[in-house]
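Here's the structure, in structure tokens; my notes come after.
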Amino acid sequence: MAVAANPNALLDPTVLASIGNLELIARTVVDGFVAGLHRSPDFGFSQEFAEYRAYSPGDDLRHVDWNVFARTERAYLKRYRGETNSQLTLLLDASASMGFGNKLEYARDLAASLTYLAVRSQRDAAGLIVFDDTIRDFIRPSTRTGQLQRVLAALERAAPAARTDYALPMAHFQEFLHRRGLAVIISDFYAPPELIIHTLEPLRFHGNEVVLFHLLAPGEFVPDLGDAAVLVDLETGERMEATPDYARHEYRAKLDAHLAELKQRAQGAGLDYFLLPTDRPLDLALREYLTLRQGRN
């Protein structure tokens with residue numbers, strides 16, 4: 001049987017998009033992520049589950065992760081630490097700008113993978129808020145049977161529409177979700193950084209850990225303009241003329257300044273910030289992010 005030259009080929013976003021089934025995509029990403037671990041950093045989704053370590057003779061077989069063994073033919077033990085953040089709430093931006101490139105598809109895959117990892121691998125509660133300028137879907141965090149399928153169904157329904165209003169889902173979060181845990185916001189964050197952080201920062205006040213996954217399509221880093229063009233804002237309808245020279249220089253300088261300010265303000269407010277180009281394989285993105293968290297902690 002031929003062996004693929006690149007074992008991560010199935011995890012390329014363009015290949016994942018062809019699968020068309022969110023649960024299968026999530027399982028593929030998480031399997032690739034876990035199988036690539038020799039020693040896992042702190043997952044960050046549950047402080048209870050700290051790491052894997054290789055099995056040694058005499059270890060208690062009850063702690064072996066047999067799912068990992070079935071996939072890798074290697075025995076790993078789960079190691080735990082005391083306190084747990086056992087509730088994951090995903091807040092997914094489904095505004096019109098997320099329809100550019102593959103951002104919403106990538107956001108769905110990321111949210112599905114995080115949910116699968118939390119629910120199936122760690123037995124944590126997971127929930128979802130889908131928003132634009134209103135709440136489009138709300139799945140309350142739960143460990144009930146069928147919770148993964150409920151979240152995946154809501155992700156399948158998510159479609160780009162309207163403008164972004166970060167205040168609304170944050171108010172909804174604080175009104176209905178009183179148990180502390182991890183709040184993950186997945187968005188392209190096209191708003192002034194000061195406004196974004198001012199709106200999101202209160203989530204931390206109730207003991208939540210807050211993570212910002214900033215998604216941008218490759219074409220947003222370097223717009224491919226062969227000639228002068230009229231650019232249309234997907235959310236406001238505003239138009240502006242742009243030249244290739246503007247795209248290469250002035251636009252890129254403004255984007256870099258936006259990214260730097262958002263990262264600085266997020267970190268200053270105690271929020272984790274992670275920029276994700278949507279052409280990056282998701283298992284590598286998760287591993288890079290969690291390694292970053294381990295270094296920070």
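Just so you know, all these numbers are worked out from the coordinates, no wet-lab data involved. Remember, it's a predicted structure, so these values are computed and weren't measured experimentally. Cβ coordinates were reconstructed from backbone atoms using ideal geometry, including for glycine residues, and neighbour counts include every protein chain displayed.
Treating the beta-carbon of each Lys and Arg as +1 and of each Asp and Glu as -1, no other charges, what is the dipole magnitude of the stretch 68-205 about its Cα centre, to the nearest 20 debye?
880
Pair-distance distribution P(r) for the stretch 87-296, from all Cα-Cα distances in 10 Å bins starting at 0: 8, 34, 38, 15, 5, 0 percent.
Centroid-to-centroid, using Cα positions, the stretch 251-266 and the stretch 162-199 are 19 Å apart.
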